[in-house]
Amino acid sequence: MQLYTWSTPNGRKVSIALEEMGLNYETFAIDIGKGDQHSPDFLSLNINHKIPTLVDGDQVINESGAILLYLAAKTGQFAPDYGTAEHWTMVEWVMWQMGGLGPMLGQAHHFLHFNPGKSDYAEARFKSEAERLYGVLNKRLEGRAHVAGDLSVADFAIWPWVSRFEYQKIDLNAYPNVAEWYARLAARPAFQRGYAVPVDAGPIPMP
Ligand SMILES: N[C@@H](CCC(=O)N[C@@H](CS)C(=O)NCC(=O)O)C(=O)O
């Protein structure tokens, strides 16, 4: 398999999954800061101009959530059996990340970290939405070791977004269930390897 990726939350979801699953893959760094996502070669794989992209033989697959579900189905790892109630709960939490946590925290990064001072309204809106979403995750992790049953691709989807808590101006210790889950997964060697793909961006942030 070939993974086209960069050191961002959506990219790391997939490299963490590949590492946890023990799969062999080649990495191609698409430096989105330099505009590599707009190159003709990358666009021939992904017309959406965004990493990550996975190539597995004839299958080219984009969208990090779809890639995670593809890898879980392909390997039979990190997902409950297809069609069970537990399976659909896992899918629910992947969708929660894809439709809510990722897009909202992405906006928090844009306004609070990269463009502070440009819009008080947007800063307040995305800060409070980030806090609300961390509250939901904290509630979900009350009395649970993982987001949906055993360690699953739903955890792989959510964890890299939490690793940017500093960009989001989130006090992780205010969400103790999230902080404990985050630190426990951060200690896993496969998470550490996946976090460093395609470039080593230094140690995993800790609260
Ligand atoms: N829904 C897409 C979002 C992918 C995405 O936003 N990728 C970002 C990096 S995390 C990107 O490539 N940005 C480049 C750009 O917007 O030009 C997914 O989950 O794969």
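The values are calculated or read from the model by the stated rules, or taken from the named source; none is laboratory data. These numbers come from a predicted model, not from an experiment. Positions of Cβ are backbone-derived with ideal geometry, glycine not excepted, and every protein chain shown enters the neighbour counts.
With respect to V14, is the statement that it is within 13 Å of the ligand (Cβ to nearest atom), in contact (Cβ under 8 Å) with a residue 24 or more places away in the chain and of a type in the set (A, V, I, L, M) true?
Values: within 13 Å of the ligand (Cβ to nearest atom): yes; in contact (Cβ under 8 Å) with a residue 24 or more places away in the chain: yes; of a type in the set (A, V, I, L, M): yes.
It is true that V14 is within 13 Å of the ligand (Cβ to nearest atom), in contact (Cβ under 8 Å) with a residue 24 or more places away in the chain and of a type in the set (A, V, I, L, M).
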Considering residues that are assigned to a loop (DSSP other than H, G, I, E, B), more than 11 Å from the ligand (Cβ to nearest atom) and loosely packed, with under 14 Cβ neighbours inside 10 Å, the number found within the range 46-98 is 8
The lone exception for K127 - which of (1) basic (K, R); (2) closer than 21 Å to A201 by Cβ; (3) in a helix (DSSP H, G or I) it fails: (2)
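Would you confirm, using the coordinates I've provided, whether A157 is out of contact with any strand residue (DSSP E or B) (no Cβ under 6 Å at 6 or more places or on another chain) and in contact (Cβ under 8 Å) with a residue 40 or more places away in the chain? Before you say what the answer is, go through the steps one by one.
Details: out of contact with any strand residue (DSSP E or B) (no Cβ under 6 Å at 6 or more places or on another chain): yes; in contact (Cβ under 8 Å) with a residue 40 or more places away in the chain: yes.
Against the criterion (out of contact with any strand residue (DSSP E or B) (no Cβ under 6 Å at 6 or more places or on another chain) and in contact (Cβ under 8 Å) with a residue 40 or more places away in the chain), A157 qualifies.
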State whether the residues of the range 7-17 include one that is more than 22 Å from R164 (Cβ to Cβ) and of a type in the set (D, E, K, R). no
Those residues of the range 108-129 which are within 13 Å of the ligand (Cβ to nearest atom) and surrounded by fewer than 15 Cβ atoms within 10 Å (Cβ to Cβ) amount to F114
Which of the numbered conditions does L133 fail, given that it passes all the others? Conditions: (1) under 24 Å from Y25 (Cβ atoms); (2) part of a helix (DSSP H, G or I); (3) hydrophobic (A, V, I, L, M, F, W, C). (1)
Residue pairs, Cβ under 7 Å, 6 or more apart or interchain, first in the range 28-49 and of a type outside the set (F, W, Y), second modelled with pLDDT of 95 or more and away from the ligand (no atom under 12 Å from the Cβ). List them. A29/P198; A29/V199; L45/V55; L45/V60
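How many residues are surrounded by fewer than 16 Cβ atoms within 10 Å (Cβ to Cβ) and either under 19 Å from the mean Cα position of the chain (by Cα) or within 9 Å of the ligand (Cβ to nearest atom) (or both) when one looks only at the range 28-45?
First pass over the range 28-45, keeping only residues surrounded by fewer than 16 Cβ atoms within 10 Å (Cβ to Cβ): 31, 33-35, 38-41, 43-44.
Checking the rest, the ones that are also either under 19 Å from the mean Cα position of the chain (by Cα) or within 9 Å of the ligand (Cβ to nearest atom) (or both) come to 31, 33, 35, 38.
Residues flagged as surrounded by fewer than 16 Cβ atoms within 10 Å (Cβ to Cβ) and either under 19 Å from the mean Cα position of the chain (by Cα) or within 9 Å of the ligand (Cβ to nearest atom) (or both) within the range 28-45 amount to 4.
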